Each structure stands twice: as C-alpha cells, then as structure tokens.
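Data block below; observations after.
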Amino acid sequence: GSNFTVDNVEMVRGDMLDKESLLTAFQGVDAVICTANGYMSGHTEIDTVGANNLVDAVKATGVKRYIYCSVLTAEKAVGVEHFEHKKMAEDYMKEQDIPFVALRPGGFIDQADDYLGAGLKRGDPFCVSMWDKTVKIGMIYTPDLAELFVKAIEIPKDKCSIDVGWSRPVSMQEVASIISAKVDRKIYCLGLPRFLRYAMIYTLGYWKPFVGELMVRMLVVCVS
C-alpha cells in the first residue's frame, strides 16, 4: 500500500521479509523500535530472516539507535526456539556493530486477562495460577515496557542488552494480595495441581508445540 500521514505522523509500510522496502522506509529515520514477533503465529522467519533484515537496513541507512524487544535472560533457555531466535538476533546486532539497545521483558501481567483480569472485572473472588501459587515470576506491565522503549531512544549507552521488569519476581498469591488491598475485598488465588498442569501441557503441546515451549520459558527464564 501507499504511505500516508495522520496527525503529523507519517505511516510508512514495509515488510520485514523485503529488505528493499526497509531501506526505503528507514531513510531519514533516527530510531527504529522493533516489537515484531512471528513465533506465536508460526511465522518464525519473522524472528530470524526478518530480524536480520531490520539490522541490515539500520546499518545501511545510518539509523542512530535500534531498540529491539528481546526476552528476559534469553541465553538461558537453550532449545526453546522463541528464546534462541531472540538471542540470535542480539548476536547479529553485535556482529554488525550497530547502535542497539535490546530490552528484555519477562512475563506480561496484563496479558493474563483470560484467567485474571476478566474474572476480577466480573467480581469473581479468585484468580488462577498455571503454576503453584507461590512460584515467583518476573513480571512487567505492558504500558511500562512501552515507556521504556521510548526512553531507550535517548539513553547514553548503546550496544547493550537490559533485563527489564519489576524490582523483584512476584507470585500469583502476592498479586492476589495486592489486588485485595486495592479493591478492598478478599481475592483468593487458586493454583492448578501439578498433574493437571502437566496434562494440559502435554495435551496442548501435541497440537501446538509452542505451548510446551512457553511452559519451559516460564520455568527456566521467568521463575526466580
């Protein structure tokens, strides 16, 4: 499609798998923020070929700062495709010697609307944890991450990877207690039994392999 302008913002269409389109889109651009993720939709070429194309275009056009959405301690989850691709992307940025900042968030607390937010809005007195309710997870709030992306444009340091999130990991039990205090009513946390958790992982993983990998992610990377 054609480019267009809305409220002083110029929208430029490009394709991560079409390097020439990126070279055109990045002309005169000072900073590029990449939050693309093809893993969940099964298009992993976005996270490999596409990610490298972005880096190549940044280098070719002289973009002053490239901000990349990686994942918390990506190098620790060996064998988990999603994490390995993020680590490969960071390695390629270093290899190409571009001015980058890789922000590495953990789990998104507000992405849990199916088992947390929706129920609380209905007035349900409980929330559910996929793991034991005392297991602590590295969390971040999506709007906070968005603000960090903007700040990363101007921080004095580049060529770095930064783990981002709350000051400490929290359990779903702690989340329930915090919510209880805020809404002034008791919220109970229900942890799924171990046998049920693993039954769900194996069943869902058979049909959608990435489900099993995401469970590994939670255990290996986000859990303290």
- Task: Can you run down the residue pairs with Cβ atoms below 8 Å, 6 or more apart or on separate chains, where the first is in segment 184-213 and of a type in the set (Phe, Trp, Tyr) and the partner is in a helix (DSSP H, G or I) and at pLDDT below 70?
- Result: TYR202/GLY212
- Query: Is there a residue being within 27 Å of VAL150 (Cβ to Cβ), modelled with pLDDT under 95 and in contact with a Leu (Cβ under 8 Å, 6 or more places away or on another chain) anywhere in segment 74-85?
  - Reply: yes
- Message: I want to confirm something. Restricting to segment 128-155 and keeping residues that are modelled with pLDDT of 90 or more and part of a loop (DSSP other than H, G, I, E, B), which single residue is surrounded by the most Cβ atoms within 10 Å (Cβ to Cβ)?
- Response: ILE153
- Query: Any idea which of ALA57, ALA102, ALA89 is within 24 Å of GLN27 (Cα to Cα), in a strand (DSSP E or B) and either open to solvent by less than 50 Å² (accessible area, probe 1.4 Å) or charged (D, E, K, R) (or both)?
  - Reply: ALA102
- Query: Taking segment 44-54, which residues are among the acidic types (Asp, Glu) and surrounded by fewer than 16 Cβ atoms within 10 Å (Cβ to Cβ)?
  - Reply: GLU45
- Query: Any residue at all in segment 11-18 that is closer than 22 Å to ARG104 by Cα, under 23 Å from the mean Cα position of the chain (by Cα) and part of a helix (DSSP H, G or I)?
  - Reply: no
- Restricted to segment 27-59, and to residues that are touching a helix residue (DSSP H, G or I) at 6+ places or on another chain (Cβ under 8 Å) and among the hydroxyl-bearing types (Ser, Thr, Tyr), which residue is nearest to ILE155 (Cα to Cα)? THR35
- Item | Cβ pairs under 7 Å, 6+ apart, first in segment 153-172 and within 18 Å of LYS133 (Cβ to Cβ), second loosely packed, with under 15 Cβ neighbours inside 10 Å and polar (S, T, N, Q) | PRO169/SER224; SER171/THR134
- Please specify each residue of segment 60-86 satisfying the condition of being touching a helix residue (DSSP H, G or I) at 6+ places or on another chain (Cβ under 8 Å), among the basic types (Lys, Arg) and surrounded by fewer than 23 Cβ atoms within 10 Å (Cβ to Cβ). ARG65, LYS76
- Query: in contact (Cβ under 8 Å) with a residue 60 or more places away in the chain, touching an Asp or Glu at 6+ places or on another chain (Cβ under 9 Å) and more than 26 Å from ILE137 (Cβ to Cβ) - does that describe any residue in segment 10-22?
  - Reply: no
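How many residues, within segment 141-192, are among the hydrophobic types (A, V, I, L, M, F, W, C), within 19 Å of the chain's Cα centre (by Cα) and under 26 Å from ASP30 (Cβ atoms)?
Final tally of qualifying residues: 10.
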- Among GLY165, GLY191, the single one that is surrounded by 13 or more Cβ atoms within 10 Å (Cβ to Cβ) and either at pLDDT below 85 or over 29 Å from ALA74 (Cβ atoms) (or both) is GLY191
- Can you name the residue in segment 24-43 that is of a type in the set (A, V, I, L, M) and farther than 17 Å from MET93 by Cα and is also surrounded by the most Cβ atoms within 10 Å (Cβ to Cβ) among such residues? ALA25
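The values are calculated or read from the model by the stated rules, or taken from the named source; none is laboratory data. All of these numbers come straight from a predicted model, not from anything done at the bench. All Cβ positions, even for glycine, are placed from backbone atoms using ideal geometry, and neighbour counts span all protein chains on display. We work out accessible area using only protein heavy atoms, side chains counted, and drop any ligands, DNA or RNA first. Shrake-Rupley method; radii C 1.70, N 1.55, O 1.52, S 1.80 Å.
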